[in-house]
Amino acid sequence: MAQATMKRSATPAIRQTKLLINGEWLDPVEGGSFETYNPATGQVLAKVAAASAKDVDKAVKAARRALESGPWGRMDAAERGRLMFKLADLVERESDELAKMESLNCGKTINDSLADMQGVVNTLRYYAGWADKIEGRTVPVRGNFLSYTLRQPVGVIGQIIPWNFPLLMLAWKWGPALACGNTVVMKPAEQTPLTALRMGELAMEAGFPAGVVNLLNGMGETTGAALVSHPDVDKIAFTGHVDTAKIIQKAAADTLKRVTFELGGKSPNVVFADCDMDEAVAGAFHAIYFHGGQCCTAGSRLFVENKIHQEFVERLAEKAKERKIGDPLDPMTEQGPQVSKEQMDKILGYCELGQKQGATLMTGGQRHGDKGFFVEPTIFDNVKDDMAIAKDEIFGPVVSVLPFQRVEEVIERANRTFYGLAAAVWTQDIDKAHRFAREVKAGTVWVNCYHIVDTTTPFGGFKMSGQGRENGEAALEHYTESKTVTVKLK
Ligand code: NAI
Ligand code: MG
């Protein structure tokens, strides 16, 4: 076990850096490792074990054994739920430490990390409650037969998650998978391995049988790819970039694995002149700058009706200039660093491109400070639909403001993208609100609010923003197979 040496006693110790396979913490067969950073300083936090294809194979075999011949497959559904409730309690017990670890490794503000931990607890409890409520049906077939359906686990699930909500994404993936009785091999993002490792320890403490959850850190192109191509993995659940999903879908085709994807977007946030202006300004601000814009649902295309456009942008810019950027562990901080130098450079590249292509830079556009990976809150005004900053997912604190005139026009322009994850509308007119909600192509629509995502409601994308749904009852569909049993009656 690696013992971290840290400057601030307030920062949590890194207790575990190995691979969790079959209930044991193991060194990788081929001895791989990688360094993980504090994005607020650029300093190395720890060296973490990296899994190769050989470790993936060991973990998949352990997960298969746990499913087919271990206690997990025969366990009462209610008992599965009890283990999940126990894990939720342990996360609650450790949430201060986990939140600090998340902020340290991911750069999100401590307040956001604490909110994430509550989300983790809520998600685990919600799905723990489902464990003994996943039911089949009796079906009125023709003839003298009794037909009923069983809902059974899909099997061994490979789960690949990103770095923007490290532990919350883990919970969104473990929750429904475990409630439905599957076993899991998870690969966390290489940028943020630390809270997942702690979570592995907590899962063992909760008493999950060996092999039910396996955790393999490592790179996408090696560890992730080995998981996707492994013939004994039944399904891949992935959250990340749309281009990575294309690679995964192609690789999964060889074994016809099930796949579910959640893939970000370029979400339209539409403000009509009849909105509550104070709420809409605050809402549009939160929509783009929450977690430094590193959010799949970020409101990065801000459509503002001509009549209020000038005032709206000025008020938004004022707020952006006042944003407190700094140490994510300081409770007064409102915006931490971007997760990595790579992400910071990508965002700054778009800031340059926006200016080159002729958008008006209202504020920001620069790196903040010279240590760590901070970017100023940035506003581009008078953006055109075909500019790169209006089309590409920037995944940073950069908003494109697009003025508009009419309802039909803005709905058509909002839909002019291959993404379809989220959308929002700000208006007091219920007719406009519901018309927009019905016609916009997005998996989530917010009316006079933004970023309200609850574990109980389905979440996912239209078009190239995803396949399938997470959260809510909807996720259970994607973690069960339906089996029809027909009995001849005399
Ligand atoms: P990514 O899609 O490359 O990484 C996400 C996860 O996939 C990580 O665990 C990574 O190791 C894994 N991965 C990468 N290549 C893989 C492969 N060939 N096979 C299997 N697994 C693989 O995203 P990345 O590079 O971290 O970020 C790039 C951009 O992706 C961001 O700027 C953002 O636009 C988008 N993104 C979207 C997220 C969302 O919430 N929808 C989350 C993170 C990134
Ligand atoms: Mg990548």
Is at least one residue of segment 288-296 modelled with pLDDT of 95 or more and either farther than 26 Å from residue 460 by Cβ or assigned to a strand (DSSP E or B) (or both)?
no
If we ask which residues in segment 264-274 are surrounded by fewer than 24 Cβ atoms within 10 Å (Cβ to Cβ) and among the hydrophobic types (A, V, I, L, M, F, W, C), their number turns out to be 2
Matching residues, segment 371-382, being in a loop (DSSP other than H, G, I, E, B) and surrounded by 20 or more Cβ atoms within 10 Å (Cβ to Cβ)
372, 373, 374, 376, 377
Restricting segment 244-263 to residues that are within 16 Å of ligand 2 (Cβ to nearest atom) and under 16 Å from the mean Cα position of the chain (by Cα), which is surrounded by the most Cβ atoms within 10 Å (Cβ to Cβ)?
262
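If only one of 263, 216 is more than 8 Å from ligand 1 (Cβ to nearest atom), in contact (Cβ under 8 Å) with a residue 40 or more places away in the chain and over 30 Å from residue 315 (Cα atoms), which one is it?
216
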Look through segment 212-243, keep the residues that are under 13 Å from residue 52 (Cβ atoms) and not in a helix (DSSP H, G or I), and return whichever of them is nearest to ligand 2 (Cβ to nearest atom).
219
Filter pass, residue 182 being over 15 Å from residue 478 (Cα atoms) and crowded, with 24+ Cβ neighbours inside 10 Å
no
Evaluate segment 314-331: report whether one residue or more is within 23 Å of residue 112 (Cα to Cα), more than 16 Å from the chain's Cα centre (by Cα) and either within 16 Å of ligand 1 (Cβ to nearest atom) or of a type in the set (Val, Ile, Thr) (or both).
yes
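Give segment 145-189 a look and list any residue that's away from ligand 2 (no atom under 16 Å from the Cβ), assigned to a loop (DSSP other than H, G, I, E, B) and within 26 Å of residue 18 (Cα to Cα), or say none.
Within segment 145-189, 155, 165, 181, 182 qualify.
Filter segment 383-417 down to the residues that are among the charged types (D, E, K, R), in contact (Cβ under 8 Å) with a residue 24 or more places away in the chain, out of contact with any Gly (no Cβ under 7 Å at 6 or more places or on another chain) and in a loop (DSSP other than H, G, I, E, B) and list them by number. Explain how you work it out, then say what you get.
Taking segment 383-417 first, the residues among the charged types (D, E, K, R) are 384-386, 391-393, 406, 408-409, 412-413, 416.
Filter once more, keeping what is in contact (Cβ under 8 Å) with a residue 24 or more places away in the chain: 384-385, 391-393, 413, 416.
Those still in the list that are out of contact with any Gly (no Cβ under 7 Å at 6 or more places or on another chain) too: 384-385, 391-392, 413, 416.
Selection gives 384, 385, 392, 416.
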Return a yes/no flag: does segment 411-421 have any residue that is surrounded by fewer than 24 Cβ atoms within 10 Å (Cβ to Cβ), farther than 30 Å from residue 261 by Cβ, touching an Asp or Glu at 6+ places or on another chain (Cβ under 7 Å) and modelled with pLDDT of 95 or more.
no
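The values are calculated or read from the model by the stated rules, or taken from the named source; none is laboratory data. Being a predicted model, the structure only gives us computed values, none of them experimental. Positions of Cβ are backbone-derived with ideal geometry, glycine not excepted, and every protein chain shown enters the neighbour counts.
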